[in-house]
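Asks: Just dropping this structure here.
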Amino acid sequence: MQTTFLLLNALWFAAGFITFSLRSKRFMKFLVRRMDRQENTLLQLRTSLHFLGGFNFALALFCVALVVTGKVFTDARQWQLIYSFLSLAHAAQFLCNVPVALREVKKRPHAWPVLRGPMLFIFVTDAVLMVANAAAVIMLG
């Protein structure tokens, strides 16, 4: 189970790196409506996406390193700390989208569509991985 959870986290964070860093120009077109695209805004957004991609890259490598060297950690409390951190990483990404989703539901201006398309998949997957990692913490307790 441990290797599976770590690999799922690694794959998800790697996908975030690819989406936000390597394919940021494409992803920006999804986030910003055509009529709102201005050169300086797109430059700021793309730079921010690269920044977010960098965090995802580091987290993906962290999970892969844990799979490769995981036997270094032998205490359940150590693994609880690791899974708590991973749950928090997904929670941060999920919870930051909750207010955007609520604005979308209320048909108020919002930054990007959270409840449809690729962002819905990201929103739901972060929620699932947040809960899965939290469950791992509980099961190790």
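Asks: Could you give the alpha-carbon Rg of the stretch 62-132 over 2.2 N^0.38 Å, rounded to two decimals?
Replies: Ratio of Rg to 2.2 N^0.38 Å for the stretch 62-132: 1.44.
Asks: Leaving out ligands, DNA and RNA, what percent of the accessible area of the chain is carbon and sulfur, probe 1.4 Å?
Replies: Its accessible area is 70 percent carbon and sulfur atoms.
Asks: In a GNM of the chain with a 10 Å cut-off on Cα contacts, which of 64, 72, 128 has the highest mean-square fluctuation?
Replies: Result: 72 has the largest fluctuation of those listed.
Asks: Just to be sure I follow the definition: excluding the sites themselves, where is the longest run in the chain that has none of the trypsin sites (Lys or Arg not before Pro) in a DSSP loop with at most 14 other Cβ atoms within 10 Å?
Replies: 38-105
Asks: Label-point separation (nm) for residue 11 and residue 116, each offset 7 Å from Cα along Cα-to-Cβ?
Replies: Computed distance between label sites residue 11 and residue 116 equals 2.8 nm.
Asks: Determine the per residue accessible area of the chain with all protein chains present and a 1.4 angstrom probe, expressed in square angstrom.
Replies: Value returned for the chain: 63 Å² of accessible area per residue.
Asks: Rounded to whole Å, give me the distance from the Cα center of the stretch 51-71 to that of the stretch 103-141.
Replies: Here the answer is 20 Å between Cα centres.
Asks: What order do 87, 48 take when sorted by accessible area (1.4 Å probe), most exposed first?
Replies: Correct descending sequence by accessible area is 48, 87.
Asks: Kindly provide the chymotrypsin sites (Phe, Trp or Tyr not before Pro) of the stretch 35-117 that DSSP labels as loop, not H, G, I, E or B, and whose Cβ sees at most 16 other Cβ atoms within 10 Å.
Replies: 73
Asks: Pop out the ³J(HN,Hα) list for the stretch 24-30 in order, Karplus 6.51 cos²θ - 1.76 cosθ + 1.60 with θ = phi - 60°, rounded to Hz; leave Gly and Pro as x.
Replies: 4, 4, 5, 5, 4, 5, 6
Asks: Another one. Roughly how big is the chain's charge dipole about its Cα centre, with Cβ charges of +1 (Lys, Arg) and -1 (Asp, Glu), in debye to the nearest 20?
Replies: So the magnitude is around 680 debye.
Asks: To continue, here is another question. Put one equal scatterer on each alpha carbon of the stretch 1-124, apply the Debye formula with no solvent term, and list log10 I(q)/I(0) at q = 0.12, 0.17 1/Å to two decimals.
Replies: Rounded to two decimals, the profile gives -0.53, -0.92.
The values are calculated or read from the model by the stated rules, or taken from the named source; none is laboratory data. This is a predicted model, so every value here is computed, not measured. Because the Cβ atoms are built from the backbone with ideal geometry, glycine has one as well, and the counts that use them run over all protein chains shown. Keep in mind that these areas ignore ligands, DNA and RNA; they rest on the heavy atoms of the full protein, side chains included. Shrake-Rupley method; radii C 1.70, N 1.55, O 1.52, S 1.80 Å.
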